[in-house]
1. Only one of these is crowded, with 23+ Cβ neighbours inside 10 Å and more than 24 Å from the chain's Cα centre (by Cα): 518, 528. Name it.
2. Which of (1) outside any strand (DSSP E or B); (2) within 16 Å of the ligand (Cβ to nearest atom); (3) touching a Cys at 6+ places or on another chain (Cβ under 9 Å) does residue 501 not meet, given it meets every other one?
3. Which members of region 423-432 meet the condition of being of a type in the set (A, V, I, L, M) and more than 15 Å from the ligand (Cβ to nearest atom)?
4. Check every one of the strands (runs of 3 or more DSSP E) wholly within region 1-109 and list those with 2 or more residues that are surrounded by 23 or more Cβ atoms within 10 Å (Cβ to Cβ) and of a type in the set (A, V, I, L, M, F, W, C).
5. List pairs: first in region 438-455 and closer than 22 Å to residue 473 by Cα, second polar (S, T, N, Q) and loosely packed, with under 14 Cβ neighbours inside 10 Å, Cβ under 9 Å, 6+ apart or cross-chain?
6. Conditions first: (1) under 14 Å from the mean Cα position of the chain (by Cα); (2) under 26 Å from residue 199 (Cβ atoms). Residue 13 passes all but one, so which condition is the exception?
7. Let me spell it out: the conditions are (1) more than 32 Å from the chain's Cα centre (by Cα); (2) at pLDDT below 95; (3) exposed (fewer than 12 other Cβ atoms within 10 Å of the Cβ), and residue 244 meets all of them except one. Which number is the exception?
8. Output the number of the condition that residue 204 fails; it satisfies all remaining conditions of (1) polar (S, T, N, Q); (2) exposed (fewer than 13 other Cβ atoms within 10 Å of the Cβ); (3) more than 20 Å from residue 148 (Cβ to Cβ).
Amino acid sequence: MAKEGHKYIFVLGGVMSGVGKGIVSSSMALLLQQKGYPVNLVKIDPYLNVDAGTMNPTEHGEVFVLRSGLETDQDMGNYERFLGRDLTNDDYMTSGMVYQSVIARERALEYGGKCVETIPHVRDEILNRFESSAAYNGSRVSVIEIGGTVGDFQNALFIEAARVIKMKYPEDVLFVMVSYLPVPGTLGEMKTKPTQSAVRALNSYGVQPDFIVARSTHSIDEKRKEKLAISCSVRADRVISAPDIKSIYEVPLNLEKDHLGDILLEALHLPEKRTTSLSAWKKFTLAATNTKAPEISIAIVGKYFDTGDFVLSDAYLSVIEAIKFSASKLGRRAKITWINAKEIEKASSAGTAAMLSGYQGIIVPGGFGETGIEGKIKAIKFAREKKIPYFGLCYGMQLMVIEYARHVLGLKDAHTTEINKKTTAPVVDVMLEQKKHLADNKYGGTMRLGAYPCYLKKGTMARAAYKKELVEERHRHRYEINPKYIKQLEDAGLVFSGTSPDSVLMEIAELPRSVHPFMLGTQFHPEFQARPLSPHPLFTEFLKAAIARKKKK
Ligand code: GLN
């Protein structure tokens, strides 16, 4: 149960989706945290998937994996990056998850013979989840983002649950509507009417917003603030201006300029406490938006390209952010170029060289399936032979080992059984416990997921980067380096610098620095733990090597 007096802020979207509810939610949480109130952030995805793991990244963006292993929406990644801490399973829910619990309980006769209904049973399951999340160690405020837009069928039940919380604790609950105010080109002026309509729609649920965050290309002026205040019954000082800006990390700083932290405290009836400075955040933001910082050119060779650039950056969001954090720490600005692995597949060796030789570093990120795989392997071979810093993430590590087996060990047929079940050299093979899941078509939530410990071998690049012996990193995969090939690979010069504590699973592969400036791959996804104020050491080392390459030219 949540503690007495726990505060709730529900964040809802008006007019249209994709205007930054997640960033507003994270920014409010950061500001309250900075005011001395521990906050937890909750994301509600109203779709019926039980988790985000079964969705294609081109449809829904990256799948973000929590420490526990839960596969969630990319917003959870932003939450963790803003809060600077790990979130738990209680902080994420989908309609699928909620209904699944209710139905499981019904099957177990736990409703004592009653007719099980959306209201009250499903709604109460949502309420229970709000309360267990609020019970998080020490937290005083829950910021709960309800996905979608007001008026959707899918999220209505969550808004209804929020209304009930407000009824139970009228002094402790706020509703924030993040709305969009268009500035039509033909008129050149900001229009408030769609927001007025969205507020009316929310009113019809029995909910009145306490705040309106006015997202737009421009700042909202006083006249329009007044207009929204009068027509939507929201105090004018609670209509918050949120114009487009360069970097999402500037949003909390911008909101704080308007004293949003204090205004929220007042609205929540929370006394003012000590305020910790946002100076470290400010420093990071300045570095991250410094357009004069020298560039580091990084190529990401991936496959999720078919739906255009907009979605592309979503599909690899945590990787992009991890690069940014390490680049700003090094006083640089990363210029990322997307390279379609399918194009490399088709290219001649001169063509491959033309596509890749201009970069200071190459990344092959995580992935599944056959598309573009030979292109990725070609890119890895090129990086190894031309001594271009290379960083492989999950699939990028498995393919790095396959490339080594094929071209250095001479196992021409080397492959992963994910793609070629009949290969005579299954250098990457399905993990034992995964075989049954695949045979039974059990795909959802069954991969090797979440945080596992990893031991780092002395004298390796990995160990030098982390500066410790034991680390913990997050995983999401079904295949592994086949133990039968480890000795052969090591004898041929590949170093497994990180392993599971029992030495069974190979977690990091690298080439010695004497052979290559930076050729390293991780079976885990380091990008999930990179944060603005604590960049990931492996990304930082990779970029340092990339910077050094430019100097040599
Ligand atoms: N497809 C590979 C596996 O399942 C790699 C997964 C990934 O890159 N996340 O093992």
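1. Sole residue among the options that is crowded, with 23+ Cβ neighbours inside 10 Å and more than 24 Å from the chain's Cα centre (by Cα): 518.
2. (2)
3. Matches in region 423-432: 425 only.
4. Passing ranges, in order: 7-13, 39-45.
5. The qualifying pairs are 455/503.
6. (1)
7. Every condition holds for residue 244 apart from (1).
8. (3)
The values are calculated or read from the model by the stated rules, or taken from the named source; none is laboratory data. As the structure is a computational prediction, the values presented were derived from the model and not from experiment. With ideal geometry, Cβ positions are generated from the backbone for all residues, glycine too; neighbour counts draw on all protein chains shown.
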